[in-house]
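Below is one structure, written out as structure tokens; comments come after it.
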Amino acid sequence: MLKKLSEMVSNAFVQCGYDASVGTVIVSDRPDLCQFQCNGAFIAAKKAKKAPMSIAVDAADILRQNPAIQSAEAVAPGFINIKVTDAFILELMNQLAGDAFYGIPQRKEAILIDYGGANVAKPLHIGHLRAAIIGESLKRIARAMGCKVIGDVHLGDWGLQIGLVMAELETRFPDWACFKDSFRLSDGFSQTVSIDELCEIYPCASEKSKRDEVFRGRAKDMTADLQSGREGYLALWKEIMRVSIEDLQSNYSKLNVFFDVWYGESDAEQYVPELMRSLSDQGLLRESDGALVVDVGEEGDKAAVPPIIIKKSDHSNMYSTTDLATLIGRQREFDPDAIWYVVDKRQSLHFTQVFRCARKAGLIRAALEHLGFGTMNGSDGKPYKTRDGGVMRLSDFVTAIIDAAGEKIAESGFVTAADQDDTAQKVAVAAIKFGDLNNHRLKDYIFDIDRFLAFEGKTGSYLIYTVTRINSILKRVPEAADRNTPHFSRVYSDIERDIFLHLLLTGQAFQTAFNERAPNFICDHAYRLASLFSTFYHDYHVSGETDMVKRDARIGMCVMVRSLLVKLLDVLGIQTVESM
Ligand code: ARG
């Protein structure tokens, strides 16, 4: 819609002798006066050294000749206020109704999204929530825009945390065969570790390593031995991986988060020798205090960017080593056009270093972007914690919200006993995700369960509730079933016109969300659509309408609003329910 209008206005400017580029049309910030506006006369005026108002008058005069334009008015000091005709709106609505892409502009690039970032052997904690929610949504937005997208969880499965867990298991079960030097993978691993055990062991081991130097040293050695392929440790590591991944998958799927590949830091190990060779052949490596580093500082850096450490003096791999080696694998397997890292913004220095080093060494063709995010805080404004101040396990957090949603739903009385659990789960996930995505990703926000779960206001619950309202309207009109591609031939009321205009801006909302890599623009668009619909629903009847032509038009509109809302929620990673 905005694209079409901008073309028309650009044409008008060109006909008056100005640049086409000034014809950009935006949604009006004074909806009481007009639907759209163009502020291009101000830009044209600078170049032409003329008063903006006279340019606006000329362009508006020409624009008015366009049959799609109902009114175009120059307003001092140089705005052009625009309204379009209902015929134009209806034409676009009929196109939209037949468009499998909902008016979402289509693109072609291949994008790999690195998100989730869970660490094996440590339970998922609240800090992993945002990476999962934002990454999943960006993945879905890019897919809706036609991109070929791969979601990679990039497990932290090769670091010291594994060594810590192994060292603690060794203390507890010194007799396990896997700890013997002579152990071979072909011996088979006969012990099992449960996820609850792991969840208890990691914090205990991590705590111990802080006060026990010997234990810490042991964990480090075991990590290094694992990385160099000691078979007993590999066997134990595989068991830890099996148990952890099973648990992670169940947690992520509860959140409606799904990865295409489950690669981890360990998968990068095979590319480390190649990375080292490439860096050294290109003369990029330098020794510093026994460590190998690459200089990545650049002239003009506001804050110094220190050299990136590739190998520590003890030869162990670093977080950066793995990220760089991973790029070699990604180039080989996927050759993406872009890689988006959805990771806490506090890791921004790390990514600056990694990206610069990757560029210098020519490791990858893709554009690399760190899409950082802020922190989810508790009501005290500090990072969200358990009641006793500990780090909250993600599964405990999600369970608590599902319980709260369940209570609310039971109160409402609209959900059958059989559907209660499923509905509670979807409502809870909607509340958590919308509460998060509604903020620009870079901002910190406060998690407020009561507000997020409310059925009124800008919440996920309100949005899925709106869908259930439309469901119940359409259930009362049997003919709705064959209105999947509705036809629109008249605009009956102002609110219907507003809804149409808003539906026609969906493509724009996607474009902005994609350009900014920010799902909050989809939240805004969805919420506005739901509130417009609520106004309509308050003032007009659908099944009760006796004028059959009007009734038919309204059914068509309900069908469209529902499909678009469902689509918008889907790209936020939110599922809808039949009733609630
Ligand atoms: N596992 C890391 C963490 O917990 C996040 C990984 C992010 N992705 C990456 N390619 N570095 O902080």
* Based on the Cβ-Cβ distance from Ser543 to Ala51, what FRET efficiency comes out when R0 is 45 Å, to the nearest 0.05? -> 0.20
* Structure fact -> Each label sits 7 Å from Cα toward the beta-carbon; between Glu333 and Asn94 the label points are separated, in nm, by 4.9
* Asked: What angle, in degrees between 0 and 90 and rounded to the nearest 10, separates the Cα long axis of helix 494-503 from the longest principal axis of the Cα atoms of the chain?
  -> 40
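Starting from the Cα gyration tensor of the chain, take the square roots of the eigenvalues, sort them a ≥ b ≥ c, and report rounded, prolate or oblate (rounded when a/c is under 1.5, otherwise prolate if a/b is larger than b/c, else oblate).
Working: a/c = 2.75, a/b = 1.59, b/c = 1.73.
Oblate, because a/c is 1.5 or more while a/b does not exceed b/c.
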* To do: Tell me which residues come under 5 Å, amide H to amide H, from Ile446 once H is placed; ignore anything under 5 positions away on its chain.
  => Asn377
* Asked: When we measure straight from the Cα of Lys83, which aspartates and glutamates land under 16 angstrom away, once same-chain ones fewer than 8 places off are left out?
  -> Glu7, Asp29, Asp32, Asp61, Glu73, Glu91, Asp494, Glu496, Asp498
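How much mean residue ellipticity at 222 nm does the chain get from its helices, if each DSSP H run of length 4 or more adds -39500 (n - 2.57) and you divide by all residues, to the nearest 500 deg cm²/dmol? List each step's numbers first, then the result.
Details: 20 runs with 296 residues, N = 580.
Helix contribution divided over all residues of the chain: -16500 deg cm²/dmol.
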* Just grab the label-to-label distance for Lys148 and Ser21, each label 7 Å out from Cα along the Cβ direction, in nm (one decimal). => 3.3
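Order these peptides, 489-500, 426-437, by their mean beta-carbon neighbour count within 10 angstrom, highest first. Intermediate values should be presented prior to the final figure.
Working: 489-500: 17.0, 426-437: 26.2.
Per-residue mean Cβ counts within 10 Å order the peptides as 426-437, 489-500.
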* Asked: Hey, what angle do you get for helix 394-412 against the long axis of the chain, alpha-carbon based, 0 to 90 degrees rounded to 10?
  -> 40
* Which ³J(HN,Hα) values in Hz, rounded to whole numbers, follow from the phi angles of the stretch 79-84 under the Karplus curve 6.51 cos²θ - 1.76 cosθ + 1.60, where θ = phi - 60° and Gly and Pro get x? -> 7, 10, 9, 10, 10, 9
* Structure fact -> Ranked from fewest to most other Cβ atoms within 10 Å of their own Cβ, Arg140, Arg387 fall in the order Arg387, Arg140
* Asked: How large is ³J(HN,Hα), in whole Hz, for each residue of the stretch 474-491 in order, when computed from phi with the Karplus curve 6.51 cos²θ - 1.76 cosθ + 1.60 and θ = phi - 60°, using x for Gly and Pro?
  -> 5, 5, 7, 10, x, 5, 4, 4, 9, 10, 5, 10, x, 10, 10, 10, 7, 9
* Restrict the search to the stretch 160-207; then list the trypsin sites (Lys or Arg not before Pro) that DSSP places in a loop and that have at most 14 other Cβ atoms within 10 Å of their Cβ. => Lys180, Arg184
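With the cut-off at 1.5 for a/c, could you classify the stretch 122-274 from its C-alpha gyration tensor as rounded, prolate or oblate?
Numbers: a/c = 2.14, a/b = 1.77, b/c = 1.21.
Taking the square roots of the gyration eigenvalues as a ≥ b ≥ c, the stretch 122-274 is prolate.
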* Structure fact -> Here the FRET efficiency for Ile446 versus Arg365, based on Cβ atoms and R0 = 56 Å and rounded to 0.05, is 0.85
* Return the distance in nm (one decimal) between the two label points of a simple spin-label model at Thr416 and Asn11, each offset 7 Å from Cα along Cα→Cβ. => 5.5
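What is the extension gain from Ser493 to Lys475, computed as 0.36 nm multiplied by their sequence separation minus the C-alpha to C-alpha distance, in nm to one decimal?
4.1 nm
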* Asked: For helix 86-97, what angle does its Cα long axis make with the longest principal axis of the chain, in degrees from 0 to 90 and rounded to 10?
  -> 30
* FRET efficiency, 1/(1 + (r/R0)^6) with R0 22 Å, evaluated for Phe258 and Ser348 via beta carbons -> 0.25
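Using 0.36 nm per residue, how much length does the chain from Arg64 to Asp388 gain when fully extended, once their Cα-Cα distance is taken away?
On the way: separation 324, 0.36 × 324 = 116.64 nm, distance 6.66 nm.
Taking Arg64 through Asp388 to full extension adds about 110.0 nm, to one decimal.
Only the coordinates and a few stated rules stand behind these numbers; no lab work does. Bear in mind the structure is a predicted one, so any value in this text is a computation, not a measurement. Virtual Cβ from ideal backbone geometry, glycine too; neighbours counted across all protein chains shown.
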